[in-house]
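One structure below.
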Amino acid sequence: MTQVTPAEIGRIALFAGLPEPDLRAVAQVARRRHLDDSEVLFEQGQPARTLHSVVGGGLVLRADVDGRSVIVDSVGPGDIIGWSSIRDGAVSLATARATGATEVIDIPVDVIVDLAAGRSTESAMLVRRIVGLAAGHLEASWNQLLRAGSEGVITGG
């Protein structure tokens with residue numbers, strides 16, 4: 001894993017527009033990770049305390065349900081996964097596996113929570129983006145459930 005610059009953090013949609021000191025704080029704890037094809041980023045049921053921004057390549061997320069492995073999402077550059085790790089006692093809801101050579105930026109959720117708790121305009125913006133990300137996943141799940149005749153695969157994270 002290698003260091004990440006504040007400029008790279010600023011290119012992640014969640015952090016775009018935050019002031020330089022906040023970007024530096026995130027960059028100090030963020031790490032770049034390179035995954036080979038089929039390498040696991042995280043496993044279902046394991047403790048989750050990290051947000052992952054996909055920089056290159058892709059990941060497929062699979063959940064084990066009643067002994068069956070079900071694809072629940074596929075993500076690529078610009079996507080952020082692991083948003084549910086922000087809650088207390090979080091565990092990974094799926095296993096994320098690289099589909100080809102993949103690069104991600106791992107960001108511990110504690111720094112995000114600290115920034116969001118700052119009571120500034122930027123903090124409020126970050127909270128709105130986090131809630132928007134969660135709401136987007138919920139909306140995608142809702143739309144999938146409404147599609148009659150689907151195979152029962154929920155694609156909304």
With the convex hull built on the Cα atoms of the chain, state its orientation-averaged projected area in nm².
-> 9.5
Would you kindly find the accessible area of T50, with a 1.4 Å probe and non-protein molecules such as ligands, DNA and RNA excluded, rounding to the nearest 10 Å²?
-> 40
Return one whole number: the accessible area per residue of segment 1-135 in Å², for a 1.4 Å probe.
-> 51
How large is the dipole of the chain about the Cα centre if only Lys and Arg carry +1 and Asp and Glu carry -1, each at its Cβ, rounded to the nearest 20 debye?
-> 240
Pulled fully out, how much extra length does the chain show between R49 and T99, if you take 0.36 nm times their separation in residues and subtract their Cα-Cα distance?
-> 15.7 nm
Ranked highest first by the average count of other Cβ atoms within 10 Å around their residues, in what order do 100-112, 31-43 fall?
-> 100-112, 31-43
Which value, in debye to the nearest 20, describes the size of the charge dipole of segment 17-94 about its Cα centre when Lys and Arg Cβ atoms bear +1, Asp and Glu Cβ atoms bear -1, and nothing else is charged?
-> 200
Carbon and sulfur %, accessible surface of the chain computed with the full protein complex present, 1.4 Å | 54
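The values are calculated or read from the model by the stated rules, or taken from the named source; none is laboratory data. Computed from a prediction, not measured in an experiment: that's the story for all the values here. As a convention, Cβ positions derive from the backbone with ideal geometry for all residues, glycine included, and neighbour counts pool all protein chains shown. Accessible surface is based on the protein model in full, side chains and every heavy atom, while ligands, DNA and RNA are left aside. Shrake-Rupley method; radii C 1.70, N 1.55, O 1.52, S 1.80 Å.
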